[in-house]
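Undergrad: Sharing a structure, written as structure tokens. Questions coming.
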Amino acid sequence: MTSAHTASAPAEAEPQLQTPLTHRSLPRRAAPAVLLVALLAGLGLRLAGLALAWSAILAAVGYTVAIYSWSRAVEGTRKAFDRMVTAIVTSAFLLALLPLVSVLWTVVDRGSGRFDSEFFSYSMRGIVGEGGGAHHAIIGTLIVTGIAALISVPVGMLTAIYLVEYGRGRLARYITFFVDVMTGVPSIVAGLFAYALFELFYEAGVRMGIMGSVALSVLMIPIVVRSTEEMLKLVPNELREASYALAVPKWRTILRVVLPTAVAGIATGITLAIARVIGETAPLLVTAGVTASDNFNPFDGRMATLSVFSYNEYRSPGVPPEPSFDRAWAAALTLILIVMLLNLVARLISRLFAPKTRA
Amino acid sequence: MATGLSTHVTARRRPRRTRTLPDLAPVVFGLARLQVSYGRHRAVRDVTMTVHEREITALIGPSGCGKSTVLRSLNRMNDLVPGARVSGRVTYRGHDLYGPGVDPIEVRRRIGMVFQRPTPFAKSIYDNVAYGPRAAAGRRGRLRKAELDDRVEEALTGAALWDEVKDKLKSSGLALSGGQQQRLCIARAIAVRPDVMLMDEPCSALDPVATAKIEDLMLRLRHEMTIVIVTHHMHQAARVSDRTAFFTADTDSEGERHGRLVEYDATEKIFNRPADRRTEDYISGRFG
């Protein structure tokens, strides 16, 4: 039966379908070809004296219109629409990527000039004009952000644990509401809060590294609470019940089952929170202040930080200004590298702490 | 597997059919007019029955009949559900489980539980089993390593898993197959050395081979502990249990469903000569 079937199939008259299964389609290289033509047209416009941005936009629009009309004529409306949306989405992606690449390129280009050993081993003490470095600012940033993390992580994590595991009723609702409010606090307000707080204990105009840490904590705590909360909510309730059924008290269940299950996500959230506050400038300007010297004591006097250092070098350059500008860019590059390093560390942590799922 | 489609045949084939079930075995649980509500909804009401030592008691019935709710009230797991309220009386070896000052932790140390879906913790096989004993030891001094090793081996052997995992105790519990995971959960519960084991549809997520292994395991465990099992699988109840309680759900005038106990008797009687019409309809597959 089957052999007769396959053998005689071509010979048999094919039953007529109301609509065919196949469509006419554009040649395979149609899209790249149209794109090439559009790019060449854009290049022509550019050479004819049109601004670069306008040329690029016109090329993109030209490509979209051309591929849509051609496809519509040959392939029909559905395929044509698909090609148009593909073109638009790709353009949007490139547009979004542009500022990122531009910033990264600019910072690397201008920052690498002073990205040398002197930059990492000298402070600005007694430096006028060329030379000097950001040693004091790097140390300051690490100390201020480190203390901010030491304050925020326990407070934030314990808050999240309360909200997910214990919180019922009004108090939990209020805390959730105020965490939301805190998320929206402008960073300069956090800085002024820290300043006002410490002014109660010290004289007016006080500047200390720890003040910067407190200001950053105000910004960081809500992020830690939110991310930890989300991660704890992901832990299946069945695991908690299984633990309770083994006669394990609640606190021990949280410590031994819930937190270990969520630890990878929590670590990632904390690292992202640190990355978020490490580049803050305004709150540090009014709390940790500006200094040219090394200061490793967060409880005594002004403390430089990378973002403030960069800002200050740009705002009040020496004469000539170029060495200051170079230092500012190098500081920005250092900051970006620290954040990238943090993200790598976060991945490492989440890999190390990830609950064992494989043999 | 010639378990047969007829429960009657299956039941008759069981060798311990001759085992008589006098009410002489000590009572482990005594339920008197038990009612459990979630918020304003009464999930199950008016349950009166006794569970006897070293027997397997099966709770069967259609979905929503409250059998799991009854099971969860036996080791106070309902405490964890916000709005759950238990009234009536539940005694464990003569002590009121819901009396004043009763510590749910102490209750659950004696009355273990295995759930529908295997829930191994994201730890190694060893740590999964050692988890309960370690927590218990936390209250009265540390457990020595050798002692803990023995407990883990004993529990895994008891759950018929030791031979399969003895060479990979350090690997993750999540890397096991579904049936192995469920046996790991049973081992984890055994390791606490409970007096009673509650099982909430322990085989519903497993294939027939894994189910058969768990059933064999239950029959062996019965020599050491009392087992109460919820199952929506009638053949399973017929195969393993000594006594069977049949629950059903009534719909009242306001359209709310309440579970209630219809009939409770020796398994042989429930499956061969049920006293209630509804039980007969259910076990013969006419509804549910």
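Undergrad: So, of the residues in region A:152-169 that are within 14 Å of chain B (Cβ to nearest Cβ) and in a helix (DSSP H, G or I), which turns out to be farthest from A:ILE254 (Cα to Cα)?
TA: A:GLY169
Undergrad: State the number of residues belonging to region B:116-151 that are of a type in the set (A, V, I, L, M), within 14 Å of chain A (Cβ to nearest Cβ) and part of a helix (DSSP H, G or I).
TA: Step one: filter region B:116-151 for residues of a type in the set (A, V, I, L, M), giving B:122, B:125, B:129-130, B:135-137, B:143, B:146, B:148.
Checking the rest, the ones that are also within 14 Å of chain A (Cβ to nearest Cβ) come to B:122, B:125, B:129-130, B:135-137.
With part of a helix (DSSP H, G or I) added as a condition, the list becomes B:125, B:129-130, B:135-137.
Looking only at that region, the number is 6.
Undergrad: Hey, another quick one. Select from region A:156-194 the residues that are under 23 Å from the mean Cα position of the chain (by Cα), within 28 Å of A:PRO236 (Cβ to Cβ) and of a type in the set (A, V, I, L, M, F, W, C) and list them in ascending order.
TA: A:MET157, A:ALA160, A:VAL179
Undergrad: Could you list all residues from region B:185-203 that are under 22 Å from B:ASP149 (Cα atoms) and either within 11 Å of chain A (Cβ to nearest Cβ) or touching a strand residue (DSSP E or B) at 6+ places or on another chain (Cβ under 9 Å) (or both)?
TA: Result: B:CYS185, B:ILE186, B:ARG188, B:ALA189, B:ILE190, B:ALA191, B:VAL192, B:ARG193, B:PRO194, B:ASP195.
Undergrad: Here is a further query. Look at B:GLU224 and say whether it is in contact with a strand residue (DSSP E or B) (Cβ under 7 Å, 6 or more places away or on another chain), surrounded by fewer than 24 Cβ atoms within 10 Å (Cβ to Cβ) and not aliphatic (A, V, I, L, M).
TA: no
Yes/no matrix, rows are residues, columns are (1) at the interface with another protein chain (Cβ under 10 Å from one of its Cβ atoms); (2) touching a Gly at 6+ places or on another chain (Cβ under 9 Å); (3) part of a helix (DSSP H, G or I):
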| position | (1), (2), (3) |
| --- | --- |
| A:PRO222 | no, yes, yes |
| A:ARG226 | no, yes, yes |
| A:LYS233 | no, no, yes |
| A:ALA242 | yes, no, yes |
| A:VAL248 | yes, yes, no |
| A:TRP251 | no, no, yes |
| A:ARG256 | yes, no, yes |
| A:GLY265 | no, no, yes |
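Undergrad: If a residue has to be facing chain A (nearest Cβ under 8 Å) and acidic (Asp, Glu) to count, how many in region B:71-115 make the cut?
TA: 1
Undergrad: Just checking, how many residues over region A:73-108 are in contact with a Phe, Trp or Tyr (Cβ under 7 Å, 6 or more places away or on another chain) and farther than 30 Å from A:THR19 by Cβ?
TA: Number of matching residues: 1.
Undergrad: Here are some residues: A:ALA196, A:ALA172, A:ALA190. Which one is in a helix (DSSP H, G or I) and either in contact (Cβ under 8 Å) with a residue 40 or more places away in the chain or surrounded by 19 or more Cβ atoms within 10 Å (Cβ to Cβ) (or both)?
TA: From the options A:ALA196, A:ALA172, A:ALA190, the qualifying one is A:ALA190.
Undergrad: Scan (1) modelled with pLDDT under 90; (2) crowded, with 24+ Cβ neighbours inside 10 Å for the single condition A:ALA273 breaks and write down its number.
TA: (1)
Undergrad: Which of (1) more than 12 Å from every other protein chain (Cβ to nearest Cβ); (2) of a type in the set (Gly, Ala, Ser); (3) surrounded by 20 or more Cβ atoms within 10 Å (Cβ to Cβ) does B:GLY178 not meet, given it meets every other one?
TA: (3)
The values are calculated or read from the model by the stated rules, or taken from the named source; none is laboratory data. In this text, all values refer to a predicted model and were calculated from it rather than measured experimentally. All Cβ positions, glycine included, derive from the backbone under ideal geometry; neighbour counts span all protein chains shown.
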